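Right, one structure below, let's go through it.
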Amino acid sequence: MTASTIRVFTWNIHGAIGPDRRYDLERVIALVRLHKPDIIALQEVDSRGRNGNSPFQRLVATLGTHSAEARTITAPDGEYGHMLISRWPMAQPILHDLSMDRREPRLAIETTIETPLGRLHTIAAHFGLGFSERRRQTSILNAIRCPSDAPLSMMLGDFNDWHWRGPVRRILAGSLPSHTGHMTFPAWAPLLKLDRIYCGGEAQVRRSWTDRGARRASDHLPVIAEIGRGSASEL
């Protein structure tokens, strides 16, 4: 990472349960820290059955200073959802309801982060499994206008969009043309590009990669990207 880029990280952590079927939040934290990200989106954060030891709180305490949470399922023994963590201050988050009837509840997090590159309009999401569900969810978020004082825009998370002509990629092509494209699922033999970082405005993906070591901690691999500022012609 250089002074002209910021590092962004997204990962579906599968409730911090690895292929050994063992809950281990600390190995999730260790892998995230290894990459020294500035902005982190984590999906499938699950506090259910953890006897009051909230992974939401632990992740913020160890990985960043500022955070926003989308807790989509609430049960007597805990909550489930996704979260956004940042090194830098963020505006009051807005939660957008992406739920569809008879489907798992879904929320997206919208905020603006004060980065060294400028104000970064950010949306973190975890989309549904159905084709029409993802198409509707993408259309809702694509209609959100980037604030005039935020020259950079980004959407990241687990989009569950595995087809090369899927609705997420097609709908976001105009507004967020710069994106990652790594195979992330299943972690032990990745074939599908479910997890992505999309950038638009003056934000550009300069470099991106994944980490096969994450297969010990989740059923997804993470996506890590260095984001810079500038028009496509400058890259």
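Residues ARG165, ARG169: which one is among the basic types (Lys, Arg), without any contact (Cβ under 8 Å) to a residue 24 or more places away in the chain and within 17 Å of VAL205 (Cα to Cα)?
Result of the check over ARG165, ARG169: ARG169.
Please enumerate the residues belonging to the range 71-95 that are under 22 Å from ARG7 (Cβ atoms) and not polar (S, T, N, Q).
Once the filter is applied, which keeps residues that are under 22 Å from ARG7 (Cβ atoms) and not polar (S, T, N, Q), the range 71-95 yields HIS82, MET83, LEU84, ILE85, ARG87, TRP88, PRO89, MET90, ALA91, PRO93.
Every residue in the range 1-37 that is among the hydroxyl-bearing types (Ser, Thr, Tyr) and farther than 16 Å from PHE56 by Cβ, please. Spell out how you get there, then give the answer.
Here is the first cut: in the range 1-37, the residues among the hydroxyl-bearing types (Ser, Thr, Tyr) are 2, 4-5, 10, 23.
If the condition is that a residue be among the hydroxyl-bearing types (Ser, Thr, Tyr) and farther than 16 Å from PHE56 by Cβ, then THR2, SER4, THR5, THR10 are the ones that fit.
Going by what's in this entry, would ARG134 be described as over 14 Å from ALA70 (Cβ atoms), outside any loop (DSSP other than H, G, I, E, B), of a type in the set (Lys, Arg) and in contact with a Phe, Trp or Tyr (Cβ under 6 Å, 6 or more places away or on another chain)?
yes
Take the residues in the range 118-153 that are polar (S, T, N, Q) and more than 20 Å from ILE197 (Cβ to Cβ), then tell me which one is surrounded by the fewest Cβ atoms within 10 Å (Cβ to Cβ).
My answer is SER148.
Quick check on the range 177-235: of everything there that is surrounded by fewer than 19 Cβ atoms within 10 Å (Cβ to Cβ), among the polar types (S, T, N, Q) and farther than 17 Å from HIS35 by Cβ, which residue is farthest from the chain's Cα centre (by Cα)?
SER233
Go through the range 5-19 residue by residue and tally those that are among the small types (Gly, Ala, Ser) and either more than 23 Å from LEU107 (Cα to Cα) or part of a loop (DSSP other than H, G, I, E, B) (or both).
At the first step, the residues of the range 5-19 found to be among the small types (Gly, Ala, Ser) are 15-16, 18.
From the residues that got through so far, the ones that are either more than 23 Å from LEU107 (Cα to Cα) or part of a loop (DSSP other than H, G, I, E, B) (or both) too are 18.
Counting residues in the range 5-19 that are among the small types (Gly, Ala, Ser) and either more than 23 Å from LEU107 (Cα to Cα) or part of a loop (DSSP other than H, G, I, E, B) (or both) gives 1.
Within the range 32-50, is there a residue that is free of Cβ contacts under 8 Å to residues at least 24 places away in the same chain and either out of contact with any strand residue (DSSP E or B) (no Cβ under 7 Å at 6 or more places or on another chain) or among the aliphatic types (A, V, I, L, M) (or both)?
No, there is no match, as no residue in the range 32-50 is free of Cβ contacts under 8 Å to residues at least 24 places away in the same chain and either out of contact with any strand residue (DSSP E or B) (no Cβ under 7 Å at 6 or more places or on another chain) or among the aliphatic types (A, V, I, L, M) (or both).
Every read-out reported here was derived from the displayed coordinates using simple, explicitly stated rules and does not represent laboratory data. Since we're looking at a predicted model, the values are computed, not measured. Cβ: placed from backbone, ideal geometry, glycine included. Neighbour counts: every protein chain shown.
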